[in-house]
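Shown next, in structure tokens, is the structure this report addresses.
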Amino acid sequence: MLQFNATFIVAIISFVVFIMIMNTIFYKPVLNVIEERENFIRGNYDEANATKEKADNLLQDKETRLNETYKNAKQILTDNKIQANLSAQEMIANAKSSSDAKINSEKERIETEKNSTDINAAADELSQAIVDKILEGVR
């Protein structure tokens, strides 16, 4: 069975002193290195998360600006298309009114010439009739 004598007490005291020495020389420095490493890893992890979050925000901002730019470009194209249609309609209306005015002017000129020709023909007929009457009266 176990005997409790001075050797046992010396062994226990030696073991306690060994644990205290090991704690001072080995365990505390190793624990400090482990703790520093954990802090370093935790800091890098937090920094990586912050960088990832910043990159996500930048990506979202870029996508938002790209969508806004696309909408603005589409709006500009739509506005320009509407403006072009309005300008085309205005040009067509101006051309039509100009051509209508020219057509009416030419119609009036033709009508005037026709009336003038009719008047000249009627005057020729009338003068011929007068000449015939005068010549009949002279004969």
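Tabulated results
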{"read-out": "Nearest-ten-degree value, helix 6-22 long axis tilted from longest Cα axis of the chain", "value": "30"}
{"read-out": "Charge tally in the Cβ shell below 13 Å around Q89, where Lys, Arg are +1 and Asp, Glu are -1, Q89 excluded", "value": "+1"}
{"read-out": "Pairwise centroid distance, computed over Cα atoms, of the range 39-102 with the range 110-127, Å", "value": "70"}
{"read-out": "GNM flexibility winner over the chain from A55, A123, A93 (Cα, springs under 10 Å)", "value": "A123"}
{"read-out": "Rounded to whole Hz, the Karplus (6.51, -1.76, 1.60) HN-Hα couplings of the range 44-52, x for glycine and proline", "value": "5, 5, 5, 5, 5, 5, 5, 5, 4"}
{"read-out": "Of I110, I82, I92, the one that fluctuates the most in a GNM where the chain has Cα springs shorter than 10 Å", "value": "I110"}
{"read-out": "Rg(Cα)/(2.2 N^0.38 Å) for the chain, N = residue count", "value": "4.03"}
{"read-out": "Hull shadow area, averaged, the range 79-139 [alpha-carbon convex hull, nm²]", "value": "3.3"}
{"read-out": "For the chain, built as a Gaussian network whose Cα springs stay under 10 Å, the top-fluctuating residue of I12, I76, I41", "value": "I12"}
{"read-out": "Per-residue ³J(HN,Hα) for the range 34-40, Karplus 6.51 cos²θ - 1.76 cosθ + 1.60, θ = phi - 60°, Hz, x for Gly and Pro", "value": "4, 5, 4, 5, 4, 4, 4"}
{"read-out": "Structure-based [θ]222 nm, the chain - -39500 (n - 2.57) summed over DSSP H runs of at least 4, per residue, nearest 500", "value": "-35000 deg cm²/dmol"}
{"read-out": "Binned Cα-Cα distances of the range 34-100, short to long, each 10 Å bin given as a whole percent", "value": "17, 18, 16, 13, 11, 9, 7, 5, 3, 1"}
{"read-out": "Proximal lysines relative to K71, as straight alpha-carbon distance under 19 Å, when same-chain residues fewer than 8 apart are discounted", "value": "K62, K81"}
{"read-out": "Environment charge of P29, counting only residues whose C-beta is closer than 12 Å and scoring Lys/Arg +1, Asp/Glu -1", "value": "-1"}
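Bear in mind these aren't lab numbers, they're just calculated from the coordinates by the rules spelled out. From a predicted model like this one, the values you see are computed outputs, not experimental measurements. Reconstructed Cβ throughout: ideal geometry from the backbone, glycine too, with neighbour counts over all protein chains shown.
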